[in-house]
Every structure is written in C-alpha cells, then in structure tokens.
Amino acid sequence: VLGDLAKNAADRQARPKGNDVECHGCATMRKAPHYSRNPKRAKVPGALTHADFKTGTHTGYAGQTVALVLLDDATDVCRVFPLASKDKAAKALREYHGWMRSYGYEMQRLKTDNEPVLTGGEFERTVNELGIRPERP
C-alpha cells in the first residue's frame, strides 16, 4: 500500500509545475483552481513526517481521550493512534516507525509543534534513539 502511494507521489512530482496544472476536481469545478503539491514537499516516503495531537470530545472504549496523528509528507498517508494520555506518544511513534520500516522506508525527519510532550522526556529520547531528526517551528 505505502509503495503504491510512494509511486503516486513520485508521479505527481513528475508533473509540470505552474499555474496551468490543476487537479481533476478543480478542473471540473467552477471555483478557483487548487493547484497541486507544493514543490517544497518531501519526495520520498519517510523523509518528513508531521506529528500533532488531536483531542476528541468523547472517551474511547479503552479510555482514549487524545490521538497522536502522524502524516507522511510525500504520500499524505495519515495514521491515527488513539491514546489514553499524551505521555503514551513514544510507544505510538515506535509502532509507526516499525510500520514504515516494514515497507522499506526510514523516517528521517519529524516535524512537531512546541507541545511539551513532543519536545522532551520519553518522546524526545525515542526520537533520538530511532535516529530521527526533530524539526520545530
């Protein structure tokens, strides 16, 4: 699955850039066009992953109150990890890292906001242990 998405991402990167390129939906709609992919985006799966928390309004069956959202920049693949608390994020990152490796891709950079849980403690140690370079605003 991830390999197919990587191929699709590479195909999108190979398309000509500029104001004359638009997605199919935009070409058929009357609204102003939404131009495809920013050329600064990652070209290889795992090169850049975005991480953030999403807090829900309901509690999950196992007591989950928050979710860690991990988004691969090259493929737009999004994995959501429901968590009982934010301090469980390191375990979710390890699971995501293993999942990426199972498809033959290495996580290189992880972009987060300045959420205290994502900038220190166990999560930061896990990022360093896995050899991922953290990026922050």
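Taking 0.36 nm per residue of separation and subtracting the current Cα-Cα distance, fully stretching the chain between R125 and R109 would add 4.3 nm.
What pairs from K40/K86; K43/K86; K54/K91; K86/K111; K54/K111 go past 27 Å between their alpha carbons? In this structure, K40/K86; K43/K86 lie more than 27 Å apart at Cα.
The largest-to-smallest principal axis extents of the Cα set in segment 49-135 are 35, 25, 18 Å.
Think of a 1.4 Å ball rolled over the protein heavy atoms: segment 49-135 then has 55 Å² of accessible area per residue.
The values are calculated or read from the model by the stated rules, or taken from the named source; none is laboratory data. No experiment lies behind these values; they were computed from the predicted model shown. These accessible areas exclude ligands, DNA and RNA; they are computed on the full protein's heavy atoms, side chains included. Shrake-Rupley method; radii C 1.70, N 1.55, O 1.52, S 1.80 Å.
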